[in-house]
1. Label the range 134-185 by shape, choosing from rounded, prolate and oblate, from the square roots a ≥ b ≥ c of the eigenvalues of the Cα gyration tensor; if a/c is under 1.5 it is rounded, and otherwise prolate applies when a/b is larger than b/c, oblate when it is not.
2. Per residue of the range 109-125, in order, report the coupling 6.51 cos²θ - 1.76 cosθ + 1.60 (Karplus, θ = phi - 60°) as ³J(HN,Hα) in whole Hz, putting x for Gly and Pro.
3. Determine the dipole magnitude for the chain: charges of +1 sit on the beta-carbon of Lys and Arg, -1 on that of Asp and Glu, nothing else is charged, the reference point is the Cα centre, and the result goes in debye to the nearest 20.
4. With a Förster radius of 30 Å, plug the Cβ-Cβ distance of residue 181 and residue 19 into 1/(1 + (r/R0)^6) and report the FRET value to the nearest 0.05.
5. Restricting to DSSP H runs of at least four residues, report the calculated mean residue ellipticity at 222 nm for the chain, -39500 (n - 2.57) per run over all residues, nearest 500 deg cm²/dmol.
6. Hey, can you find the accessible area per residue of the chain for me, probe 1.4 Å, expressed in square angstrom?
7. Nearest 10 degrees, 0 to 90: what angle lies between the long axis of helix 70-92 and the longest principal axis of the chain (Cα atoms)?
8. State the extension gain, in nm to one decimal, for the chain segment bounded by residue 146 and residue 130, taking 0.36 nm per residue of separation less the distance between their alpha-carbons.
Amino acid sequence: MTISKLATYRRNKGLSQEQLSELSGVSVRTIQRIEKGTVEAHLTTLKLLAECLDVKTEDLLKPEEASLTLEEIKKPGKIVPLYQILALAGLFFPILNIILPAVLWWMKKDELPEYDSTGKETINFQISITMLFIPAIVLMVYEFPIGFSLVLLIYIYALALTCINLIRAVNKQSIRYPLSFSFLR
């Protein structure tokens, strides 16, 4: 697994991508792209970033092999299942299935790319499910047997998929939510 030296130095300094952006004047998006390795950084950009991180510019030039500590390996395992647990709690209390994972995502999205992607997938699914509930509930008012059956079907699907993804997250497997719209990209 390779990881950008920029990300390593930034985390060691205790800075988020936004904080480094404010200190250096380099956009958050550019920092994200450099850390992901999707762009080759300009030398002037690297100089600005190196200056803020108190390192040599040359130190940021090449990616390094990540030597993950036991704490870092366990860390994603603690937060990723929490998205699913919060979504489950929210399935018993309407709208919290979106709010609780969204708050966690907002707090953790910059720490690891895995937190960001898992949070977005979970929130997208929960918004999609909530949007399906609304017409089903309206239908239940006018045609109870059909509407109730539809509400029950949607609820069981949401509950089952969230439980399956909770188990997948605990086992450090990637989560999958088919049939959800991408509201957050």
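1. oblate
2. 4, 8, 6, 9, x, 5, 5, 5, 5, 5, x, 4, 4, 5, 5, 4, 5
3. For this selection, approximately 200 debye.
4. That gives a FRET efficiency of 0.40.
5. Mean residue ellipticity at 222 nm (helix-derived): -23000 deg cm²/dmol.
6. 62 Å²
7. Between helix and principal axis, roughly 30 degrees.
8. Fully extending the segment from residue 146 to residue 130 adds 4.0 nm.
The values are calculated or read from the model by the stated rules, or taken from the named source; none is laboratory data. Here the structure is a predicted model, which is why all the values come from computation and not from measurement. In this analysis, Cβ positions are derived from the backbone assuming ideal geometry, glycine residues included, and neighbour counts consider all displayed protein chains. Only protein heavy atoms, including side chains, enter the accessible area calculation; ligands, DNA and RNA are left aside. Shrake-Rupley method; radii C 1.70, N 1.55, O 1.52, S 1.80 Å.
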